[in-house]
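Here is the structure we will look at.
What follows is calculated from the coordinates using simple rules that are stated; it is not laboratory data. Predicted model, so just to flag it, every value in this text is computed and none were measured. Note that each Cβ is placed from the backbone with ideal geometry, even for glycine, and that neighbours are counted across all protein chains shown.
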Amino acid sequence: MKNTVKILILMAMGLFLGSCYNDTFPEEEEGPAPTDVSYSEKIQPLWNTDCTSCHPSIAQPDLSSNNSYNSLINGGFVIPGNADDSVLYQSLLGSNGVSLMPTSGQWPISQIKLVESWINEGAKDN
Ligand code: HEC
């Protein structure tokens, strides 16, 4: 009997801790969203570091510096003004059934927010 109670308590704790896991969405992070995000200065360097090893050699979109903007917009991976509905943004969260990118693990929220702001500010080629 005692053991059953212990097991139930442990299970309850597990559920409680489990419910905290994966709860971090960028919207919940403290601090204002970054503004006036420059694609060439802030976003492309992130692709160069974490994405171009596979994009485009293994998969679309092409994230190499000469073609990335074109590939993201014309390939339909980015919907200017709407990060939530953009596959690119969903890939950084692993949400909506899109595979999490980069494949090695989720970026820090600050980097994801840069991409979110850039898209929501109109996804300018700036
Ligand atoms: C180790 C290789 C690898 C790396 C690194 C990588 N990707 Fe991918 N990516 C893939 C593969 C393979 C696919 C296609 C299959 C899939 O969706 O899982 C893909 C698909 C995608 C898609 C399309 C998803 C869809 O459903 O159409 C996007 C957007 C994307 N990656 C963005 C990125 C971004 C942004 C980075 C860097 C932060 C990145 N990827 C890093 C391998 C990689």
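Data overview
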item: Against the rule of thumb 2.2 N^0.38 Å, how large the Cα Rg of segment 35-126 comes out; result: 0.95
item: Pairwise label distance in nanometres, residue 124 with residue 73, each label 7 Å out on the Cα-Cβ vector; result: 1.2
